């Protein structure tokens, strides 16, 4: 690719011009698909990775600095990291599915249910909405911290902080450390 075309694409990206994505896809799409496929080794997943990568590229276009890396290097890193995250996500989901078969959760019976904890989702509205959103994503929608970060467009470190603070706020609602420990054990299984 010529340096002029690359500079033109960078300018379009920084201007948030839709043509940038078309040009990126036209000139880099096949190569980035190859990068994704090499990591995930599945055609459908690789296509998802490329699509997610282009969304990230668009969202992060103002963070590209030509003095730090060539455009292709920047695109390559985003795609490769997205592919690695996707592979981890798929592996985590399959690990969880396997663990469901050997989990003790289903062996609890009714004596393992603590009625005071069944209203947790109802009590979420008693804490700040920024913590509610994170707790809901992680515990009730089953997202990983990275998935919640991507879905909510919140940095991973912020997700972790809000989780910690949100759990602390729930502890205030439920009072007893023992009850809270039971609550955590229910969520973490």
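Of the helices (runs of 4 or more DSSP H) lying entirely inside region 107-189, the ones with 3 or more residues being more than 25 Å from residue 84 (Cα to Cα) and at pLDDT below 65 are found at 120-123, 177-188.
Looking at 156, 138, 152, 167, just one residue is farther than 23 Å from residue 93 by Cβ and outside the structural domain of residue 53 (by TED's automatic domain parsing), and that residue is 167. Could you tell me whether residue 30 is free of Cβ contacts under 8 Å to residues at least 40 places away in the same chain, outside the structural domain of residue 151 (by TED's automatic domain parsing) and over 24 Å from residue 153 (Cα atoms)? Yes. Of the residues making up region 59-68, at least one is without any contact (Cβ under 8 Å) to a residue 40 or more places away in the chain, under 23 Å from the mean Cα position of the chain (by Cα), part of a helix (DSSP H, G or I) and surrounded by fewer than 18 Cβ atoms within 10 Å (Cβ to Cβ). The set of residues in region 74-103 that are more than 20 Å from residue 138 (Cα to Cα) and at pLDDT below 90 comprises 101, 102. The single condition among (1) under 30 Å from residue 52 (Cα atoms); (2) in contact (Cβ under 8 Å) with a residue 12 or more places away in the chain; (3) surrounded by 16 or more Cβ atoms within 10 Å (Cβ to Cβ) that residue 127 does not satisfy is (1). Regarding residue 55, is this residue out of contact with any strand residue (DSSP E or B) (no Cβ under 7 Å at 6 or more places or on another chain), in the same structural domain as residue 88 (by TED's automatic domain parsing) and free of Cβ contacts under 8 Å to residues at least 60 places away in the same chain? Criteria met by residue 55.
The values are calculated or read from the model by the stated rules, or taken from the named source; none is laboratory data. Just so it is clear, the model here is predicted, and its values are computed rather than measured. Glycine also receives a Cβ, built like all others from the backbone with ideal geometry; neighbour counts cover every protein chain displayed.
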